[in-house]
């Protein structure tokens, strides 16, 4: 590691923005700290805090000894130069959302981008280097620390929509966007990567580059789905914006089957209903399956009259409701002007408890998170796996898939997330999507099947709050058993790199398919010494000149 004098020199070079992160938990942490850790915004304001605390037999959250709390691309470049010169591992953190521990590393220099939060709405954006006469595009530029909530608020105020993630605290210029990134409306607008128009970034040589389809086009392509923290540090991204939708609806609730046989029939009935009813740009989100024989509903719909949505689902609900001995059908509907989607006051008045507002009085009034996302905060992961489910499998082998999904539900809870499969994608988004590094299996997928298990508010370094390793082992075993029913039906289908198994075998093929060789070529060109490395990231199998 560098000497104290060298760290002091770095501090001067970054305008004093060198800090010493600490994990907020630990054996001496006070009860008040653990209360604060239940607030995702508080976590993001602390360079040593992370949304996940570890992963069974994989990684444990650790604070870097030093962090550059960057406020500009120049400070990021200075940090990269320092790390390269002194052979120090680099870690990059914006908001701390990562299941695989890719935004932390022991003995690393952390580049912490939280303070870079500027947003600019652009009426006529033309990429740098574009030929004369190139038409402008409505867009939005966000700096590296921007959260999706802030981006959505700015877009809504301008009468626009920007395609991002559902979680309000996820970063808009980080692993989500550069790792494809799916949101509730991805069947309409595509992935986060597909909306990228230009990136300001610092590469391994310390250069601040502006990359787009005219400048460094291969690096630009690689950044659109090659994963965060792999090709450099993004300091600003310019994103395509769209006309704001008019309305949005929610279907929640559940269907309870009163026997195993009825549940097996229910799964098959849903799979038959799905292709013609929901596999289109208007529908998003998911349905959940579990060993309690429940089908949990959590769907969104865009610019579709409520009566029409209800009539569509009536064809599914009514035959089930006519069998009260077998099924308990309990749908709940909400319908709103789209402009209210990110308005916490609206939700507080119409659906109390649906959102949680940041309780701190000195924070913005509209700073909130979906209460349903609370379960993802401060968790120690036992296992996490995902698999794209081909639409063809749903259509042509419904009984086989239904049987596999039923058997899987005996072992694990999982969701069938339709907005994370791009079959049914709006034709207007197809060309944008094809020009990304997304696994080809996603384009023909009906949904992404996701299974994860965790222990919440558990901290490995805190004696009274340690995760139970016996439980972690049991939960991990059950997920592997459950996925063993799904995998044989989906050869080559692939997995979503931001939500996948830490121990994934053949990870290059599973995460990027046929696109991996092109990604690796870009990696070798722009980071020849492999100083940017994350777990199962492009090029992570190659030697590195920096510390491991």
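Would you mind stating whether residue 206 is surrounded by fewer than 20 Cβ atoms within 10 Å (Cβ to Cβ) and outside the structural domain of residue 71 (by TED's automatic domain parsing)?
Working: surrounded by fewer than 20 Cβ atoms within 10 Å (Cβ to Cβ): yes; outside the structural domain of residue 71 (by TED's automatic domain parsing): yes.
Criteria met by residue 206.
Of the residues 194, 154, only one is part of a helix (DSSP H, G or I) and crowded, with 24+ Cβ neighbours inside 10 Å; which?
Details: 154 fails: crowded, with 24+ Cβ neighbours inside 10 Å.
Residue meeting the stated conditions: 194.
Out of curiosity, is residue 452 within 24 Å of residue 534 (Cβ to Cβ) and assigned to a helix (DSSP H, G or I)? Break it down into steps so the answer makes sense when it comes.
Values: within 24 Å of residue 534 (Cβ to Cβ): yes; assigned to a helix (DSSP H, G or I): no.
No.
If I filter segment 473-493 for residues that are on the phi > 0 side of the Ramachandran plot and either at pLDDT below 95 or surrounded by fewer than 20 Cβ atoms within 10 Å (Cβ to Cβ) (or both), do I get at least one hit?
Filtering segment 473-493 down to residues on the phi > 0 side of the Ramachandran plot leaves 492.
Next, from what is left, pick out any that are either at pLDDT below 95 or surrounded by fewer than 20 Cβ atoms within 10 Å (Cβ to Cβ) (or both): 492.
Yes: one or more hits.
Could you check, for segment 128-142, whether at least one of its residues is within 22 Å of the chain's Cα centre (by Cα) and in a loop (DSSP other than H, G, I, E, B)? Walk me through how you get there before you give the answer.
Pass one, segment 128-142, residues within 22 Å of the chain's Cα centre (by Cα): 139-142.
Of the ones still in play, those that are also in a loop (DSSP other than H, G, I, E, B) are none.
No: segment 128-142 contains no residue that is within 22 Å of the chain's Cα centre (by Cα) and in a loop (DSSP other than H, G, I, E, B).
Given the conditions (1) under 22 Å from residue 465 (Cα atoms); (2) crowded, with 23+ Cβ neighbours inside 10 Å; (3) over 20 Å from the mean Cα position of the chain (by Cα), and given that residue 70 satisfies all but one, which numbered condition is not satisfied?
Of (1) under 22 Å from residue 465 (Cα atoms); (2) crowded, with 23+ Cβ neighbours inside 10 Å; (3) over 20 Å from the mean Cα position of the chain (by Cα), only one is false for residue 70: (1).
With (1) more than 30 Å from residue 400 (Cβ to Cβ); (2) surrounded by fewer than 22 Cβ atoms within 10 Å (Cβ to Cβ) as the list, and residue 508 as the residue in question, which single condition is left unmet?
The failed condition is (1).
In this structure, does residue 343 turn out to be touching a residue at least 12 places away in the same chain (Cβ under 8 Å), surrounded by 15 or more Cβ atoms within 10 Å (Cβ to Cβ) and on the phi > 0 side of the Ramachandran plot? Explain how you work it out, then say what you get.
Numbers: touching a residue at least 12 places away in the same chain (Cβ under 8 Å): yes; surrounded by 15 or more Cβ atoms within 10 Å (Cβ to Cβ): yes; on the phi > 0 side of the Ramachandran plot: no.
So residue 343 fails the test.
I'm checking my understanding of the structure. Among residues of segment 473-508 that are assigned to a helix (DSSP H, G or I) and within 20 Å of the chain's Cα centre (by Cα), which one is nearest to residue 290 (Cα to Cα)? So that I can check it myself, show each step before the final result.
Step one: filter segment 473-508 for residues assigned to a helix (DSSP H, G or I), giving 473-489, 507-508.
Next, from what is left, pick out any that are within 20 Å of the chain's Cα centre (by Cα): 507-508.
Details: 507: 28, 508: 30 Å.
That would be 507.
Conditions tested, residue by residue: (1) under 20 Å from residue 248 (Cα atoms); (2) in contact with a strand residue (DSSP E or B) (Cβ under 9 Å, 6 or more places away or on another chain); (3) modelled with pLDDT of 95 or more.
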{"position": "303", "(1), (2), (3)": "yes, yes, yes"}
{"position": "307", "(1), (2), (3)": "yes, no, yes"}
{"position": "314", "(1), (2), (3)": "yes, no, yes"}
{"position": "322", "(1), (2), (3)": "no, no, yes"}
{"position": "328", "(1), (2), (3)": "no, yes, yes"}
{"position": "349", "(1), (2), (3)": "yes, no, yes"}
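Any residue that is more than 23 Å from residue 544 (Cα to Cα), assigned to a strand (DSSP E or B) and in contact with a helix residue (DSSP H, G or I) (Cβ under 7 Å, 6 or more places away or on another chain) - is there at least one of those in segment 210-220?
Yes: one or more hits.
Just to check your reading of the model, which residue among 522, 470 is surrounded by fewer than 18 Cβ atoms within 10 Å (Cβ to Cβ) and part of a helix (DSSP H, G or I)?
470
Answer yes or no: is there a residue in segment 389-401 that is outside any helix (DSSP H, G or I), within 24 Å of the chain's Cα centre (by Cα) and either without any contact (Cβ under 8 Å) to a residue 40 or more places away in the chain or surrounded by 19 or more Cβ atoms within 10 Å (Cβ to Cβ) (or both). First the steps, then the outcome.
So in segment 389-401, the residues outside any helix (DSSP H, G or I) come out as 389-390, 397.
Within this subset, residues satisfying the condition of being within 24 Å of the chain's Cα centre (by Cα) are 389-390.
Now drop any that are not either without any contact (Cβ under 8 Å) to a residue 40 or more places away in the chain or surrounded by 19 or more Cβ atoms within 10 Å (Cβ to Cβ) (or both), which leaves 389-390.
Yes, there is a match, as at least one residue in segment 389-401 is outside any helix (DSSP H, G or I), within 24 Å of the chain's Cα centre (by Cα) and either without any contact (Cβ under 8 Å) to a residue 40 or more places away in the chain or surrounded by 19 or more Cβ atoms within 10 Å (Cβ to Cβ) (or both).
The values are calculated or read from the model by the stated rules, or taken from the named source; none is laboratory data. Everything quoted here is computed from the prediction, not taken from an experiment. Please note: Cβ atoms are built from the backbone with ideal geometry, for glycine as well, and neighbour counts cover all protein chains shown.
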